[in-house]
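The block underneath contains the structure these notes are about, expressed in C-alpha cells.
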Amino acid sequence: MYFNSKKRGFVLLIVLLTISFKCFSTNSLHVFLVANAKENTSNLYPKDSVQAYKSLAITSANLYKPKMASLYLDKYIMHTADFSILDIDVFNKIDNTNEFSELKEKYLPKIDPLDFIYFYIALIGFYIAIVINFTKNSDKIGKRLISIFIIVHAFFILDFVFYSTNYQFKYANTYLMSASVALLYGPLLFFYFKRLTEQYKFRWIDLFHFLPTFILLLFLLPVYSLPFEEKIKVQLGTSEVYSPNDFLFIIFIPKLLSLIIYGFFISKLYLKKQEGQHFKNNSAIVFWKKGIYKMHMFYVFSYLAYGISISGVFFSPNPFLYQSQIIAMSLMVLYVAYMAQVQPAVFSKEVLLSDDSFFSKYQKSGLTKSLSEELKQNLISLLVTQKIYKDNSINLEKLSNVLDTSRHNTSQIINEQFNMNFFELINKFRVDEAISLLKENKLNSLQIIDIAYEVGYNNKVTFNKAFKKETSLTPSQFLKSIENNR
C-alpha cells in the first residue's frame, strides 16, 4: 500500500514537471521571452543614447541634484551593466545623499554581519559534509546521502549570500548555481530516512527519483551557457532572452511540488516508525531523526509560505519569509555539524542495528515473555555479579553463548529491557565500575590506564571517549573534581 502511494506520488511529480516544462519548451519559451523582454524594455526606457544617460547623471551631480543623478545612473547601469561608474570621483559630491546611497546599496558589493554569518555556516556545511565521510565504522550509503543533502543546503546558502551581498553581479557566472540541485532535497532525505529506519538497499529503479533533477538541468544548461554580460542583464531584468521572473515556472513550481510530495513521504515514514518506538526520549538516534525531520518540515512550510507570498494571492512578498528559508537551512547545517561532533555514533553502523526498525524484526520473534524475563535476569547477573563486561574480548556473540541463546535474542533483550544497544550497555557498566574505582582510589595507587584495563578497555583513548560520553568529563577531570570536594 505504501509503495503504491509512493509510486502514485512520484508519477504525479513527473507529470506535473512535464506539463510545466512542456508549456515552456525551449523554442516557445525563447520566442515568448524575447517578445516579452523587448516589450518591457521599450516601455521602461526611452530611446536615448547610453552616453546621454551618463552625461545627464554627471551634469545632475555637478548641479547637486542627487535624485536626478541617481535616476540617470540607474538607467545607464541597466543598459550597460557598468557598475564601476558609481566609483568615479565626479559623484563624490552626492556620495552621502540618500538617493545615491540607495543606488550603491542596490548594485555595489556589501557585506553585513548576517551575510557573514550565513557565509560561515555555508563553509561549515561543506566542511562537515567532508568530515562525515571520514567517520570510522559508519554506514557508507547513509553518510553519502546526508553529506550530499548538507552540500545542497550549503550551496543554496552560499547562493543566497552572493545575492544578498550583490556579488552576483561581480561573479555573474554563479547565477542560479544552486538551482541545478533544487529538486534533490526531498529524494535525498527520503532515501536517508529509509536507509536509517529500514536499512534500505538501493535498486536501479530508484534512479527515477532523480530524473526531475536531470530534466531541470537540461533546461538550465542554456542559461549557464549565456555570456557573462548577458547573465548580468538577466539579473537586471534588461535581457532580451530571459527575465528573472521566468524561472518561477522552471525552478520554483517544480521545487515546491517536490518538497510537498517528498515531505508527505518522509512524514509518513517517520510517523510510522514512531508508533513502535521503544527508545528513551533522550536516545541519540531518536533525537537525531526528530531534529532532522522537524527542521526539514520547517523548511518545507517556509518555502510554501514564500511561494504564496510571491504569488500575491493572500499577501504581498515578505523579505522575512525568504529569510526564513535560509534560517531553516542554516539550522539544518548547524544541527548536523553539532551531531557530527558531539554524537558521531548516529552515523555508525551500530545505529542501523539499534534503530526502532530493528524492533519490527521482533514482532515475529519466538522469544516468549517468560523466556525474555529469564534472559534479562541472567544478563543482569552476568553484569552485576560476574562483571562480564571486564572481559576485554566480550562481544555480542560471546555474550549470547554465555546466556545460551541466539544473537538475535540477546539483542532483543538488551534493546527492549535496557533501552540501549550492546555497546552502550557494556560501556555503561564499564564506566560505572571505573567511577567506583576512581572514588575508592584515595591514595592514587592506581593510574588511569590501570583502571581502564581493569574495567575491560584495551586502551586509554577508547576509555576516555566512553567515560566522557557518560559523564561529560574525562577520567582526569573527574578525578580532580573528587579531590577538590574532599
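The values are calculated or read from the model by the stated rules, or taken from the named source; none is laboratory data. The model shown is predicted, which means the values in this text are computed figures rather than measured ones. Here Cβ is always computed from backbone atoms with ideal geometry, including for glycine, and neighbour counts include all displayed protein chains.
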*Just to be sure, is Phe126 without any contact (Cβ under 8 Å) to a residue 60 or more places away in the chain, under 13 Å from Leu184 (Cβ atoms), touching a helix residue (DSSP H, G or I) at 6+ places or on another chain (Cβ under 8 Å) and assigned by TED's automatic domain parsing to the domain that holds Ile292?*
no
*Among the candidates Leu220, Leu176, residue that is free of Cβ contacts under 8 Å to residues at least 60 places away in the same chain, buried (at least 17 other Cβ atoms within 10 Å of the Cβ) and either in contact with a Phe, Trp or Tyr (Cβ under 7 Å, 6 or more places away or on another chain) or not hydroxyl-bearing (Ser, Thr, Tyr) (or both)*: Leu220
*Qualifying residue in the stretch 242-255 (condition: charged (D, E, K, R), in contact with a Ser or Thr (Cβ under 6 Å, 6 or more places away or on another chain) and touching a residue at least 12 places away in the same chain (Cβ under 8 Å))*: no
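Within the stretch 391-429, take every residue that is among the charged types (D, E, K, R) and under 19 Å from Gln377 (Cα atoms) and give me the one that is farthest from the chain's Cα centre (by Cα).
Just the residues of the stretch 391-429 that are among the charged types (D, E, K, R), to begin with: 391, 397-398, 404, 407, 416, 424, 428.
Within this subset, residues satisfying the condition of being under 19 Å from Gln377 (Cα atoms) are 397-398, 404, 407, 416, 424, 428.
Details: Glu397: 37, Lys398: 40, Asp404: 45, Arg407: 36, Glu416: 32, Glu424: 28, Lys428: 32 Å.
It comes out as Asp404.
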*Go over the candidates Met78, Met68 one by one and state the one that is at pLDDT 90 or above, surrounded by fewer than 19 Cβ atoms within 10 Å (Cβ to Cβ) and part of a helix (DSSP H, G or I).*
Met68
*For the stretch 49-82, which residues satisfy the criterion of being farther than 28 Å from Gln168 by Cβ and of a type in the set (Val, Ile, Thr)?*
Thr59
*Scan the stretch 452-473 residue by residue and report those that are in contact with a Phe, Trp or Tyr (Cβ under 8 Å, 6 or more places away or on another chain) and in a helix (DSSP H, G or I).*
Ala452, Val455, Phe463, Ala466, Phe467, Thr471
*Could you please let me know if Phe301 is modelled with pLDDT of 85 or more, under 23 Å from the mean Cα position of the chain (by Cα), over 22 Å from Ile285 (Cα atoms) and surrounded by fewer than 17 Cβ atoms within 10 Å (Cβ to Cβ)?*
yes
